[in-house]
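Enquirer: Please see the structure below; I have some questions.
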Amino acid sequence: MYIFIREDLPHAYQIVQAAHATHQAGIRFGSTDIPTNFVLIGTKNQEELEKTAMYLASHQIEFEMFFEPDHDTGYTAIATRPLYGDERKPMRKFQIYKGVENG
């Protein structure tokens, strides 16, 4: 499962939004007998998140996009259905989320 979060949100908020999107994806796509790995990927802002959604759709990758109803932040995160084998090839263009540097 690939999880995309907006990097323009506060760090703690990013974690919560990633969990929201993952939870929604779990409800939508159900459980699987195959173990699922998680890959976290950052997007710069809502515009980039929406472009990511279009990219996923163009590659027929099902996903759940989370809209935060409690704050004026719009769409905050995406979680794909679990991807296996060659299904992961379109995801190679993305880099793993670096997060906040320690220091």
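Enquirer: Please pick out the residue among Pro35, Pro82, Pro69 that is more than 16 Å from Met1 (Cβ to Cβ) and in a loop (DSSP other than H, G, I, E, B).
Expert: Pro69
Enquirer: Exactly one of these conditions fails for Glu62: (1) over 19 Å from Gln95 (Cβ atoms); (2) over 12 Å from the mean Cα position of the chain (by Cα); (3) open to solvent by 70 Å² or more (accessible area, probe 1.4 Å). Give me its number.
Expert: (2)
Enquirer: Out of curiosity, is Thr43 within 14 Å of the chain's Cα centre (by Cα), of a type in the set (Ser, Thr, Tyr) and modelled with pLDDT under 90?
Expert: no
Enquirer: Does Lys51 qualify as being under 22 Å from Asp8 (Cβ atoms) and among the basic types (Lys, Arg)?
Expert: Taking the combined requirement at face value, the residue satisfies it.
Enquirer: Also, I was wondering about something else. Which of the residues that make up segment 85-98 are surrounded by fewer than 16 Cβ atoms within 10 Å (Cβ to Cβ) and either in a loop (DSSP other than H, G, I, E, B) or on the phi > 0 side of the Ramachandran plot (or both)?
Expert: Gly85, Phe94, Gln95, Lys98
The values are calculated or read from the model by the stated rules, or taken from the named source; none is laboratory data. Quantities reported herein were computed from a predicted structural model and do not represent experimental measurements. FYI the Cβ positions are ideal-geometry reconstructions off the backbone, even for glycines, and counts take in every protein chain you see. Protein only, heavy atoms only, side chains kept; ligands, DNA and RNA dropped before computing areas. Shrake-Rupley method; radii C 1.70, N 1.55, O 1.52, S 1.80 Å.
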